[in-house]
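Worksheet: the structure to be examined is printed underneath.
The values are calculated or read from the model by the stated rules, or taken from the named source; none is laboratory data. In this text, all values refer to a predicted model and were calculated from it rather than measured experimentally. In this analysis, Cβ positions are derived from the backbone assuming ideal geometry, glycine residues included, and neighbour counts consider all displayed protein chains.
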């Protein structure tokens, strides 16, 4: 039986993408993940995440989806962030099932739920992958929980890969833009970067999630009324 874990990195930042990762292994290999040192990605250093990402990608099968800031901005014209995330989770799950050509068997899928209602998250997710379930005659068990990345090694693995992938992207941004901080609204370096960039260019950089209230506060502070995107 295959087990799949799905998680994201970068849901909350005002800068950069959200990275969604699905990770699949045989259920009898789950204990081996613990032996590799897999745990909640937030408890690991950046270097450790990068190291484990390489190990995990060789040990199991992963599928990543990178939603750039511009894509998130466009999607949020019609749907909210929770809907964006569940759509991305289901897309990753379907791609992973097809990549591994899973048919006529049981599959357990563990999700790190973003919604407060985990049961609704489970049912909505199942509905979105129903076509693949029926087409491939799969018996699916879905477990959606808060902080699943700290409870289930297969979700921890997905979390590590997603976070390490985003770490790499942020490092590349720093080569282009200089010190942008962590990208989170709570980071004073990130806020200073956005303010300085706007003062210089009269617009926010294309890596900005313009729907975030942080951006509106910055614009208000700088007495601007119109937002122009690169």
Note to self: As an exercise: evaluate residue 168 against (1) in contact (Cβ under 8 Å) with a residue 60 or more places away in the chain; (2) assigned by TED's automatic domain parsing to the domain that holds residue 51; (3) under 30 Å from residue 117 (Cα atoms) and give the number of the one condition it does not meet.
What the structure shows: (3)
Notebook entry, point to check: Out of all the residues in the range 185-207, is one or more modelled with pLDDT under 95, under 18 Å from the mean Cα position of the chain (by Cα) and more than 30 Å from residue 108 (Cα to Cα)?
Noted result: yes
Checklist line | Matching residues in the range 174-224 - criterion: being assigned to a helix (DSSP H, G or I) and either touching a strand residue (DSSP E or B) at 6+ places or on another chain (Cβ under 7 Å) or buried (at least 16 other Cβ atoms within 10 Å of the Cβ) (or both) | finding: 190, 191, 193, 194, 197, 198, 214, 215, 218, 219
Next item on the list: Can you tell me which residue within the range 103-139, out of those that are outside any strand (DSSP E or B) and touching a residue at least 40 places away in the same chain (Cβ under 8 Å), is surrounded by the fewest Cβ atoms within 10 Å (Cβ to Cβ)?
Entry: 105
Notebook entry, point to check: Only one of 66, 72 is touching a strand residue (DSSP E or B) at 6+ places or on another chain (Cβ under 6 Å) and either in contact (Cβ under 8 Å) with a residue 24 or more places away in the chain or surrounded by fewer than 17 Cβ atoms within 10 Å (Cβ to Cβ) (or both); which?
Noted result: 66
Checklist line | Any chance residue 128 is at negative phi and touching a helix residue (DSSP H, G or I) at 6+ places or on another chain (Cβ under 8 Å) | finding: yes
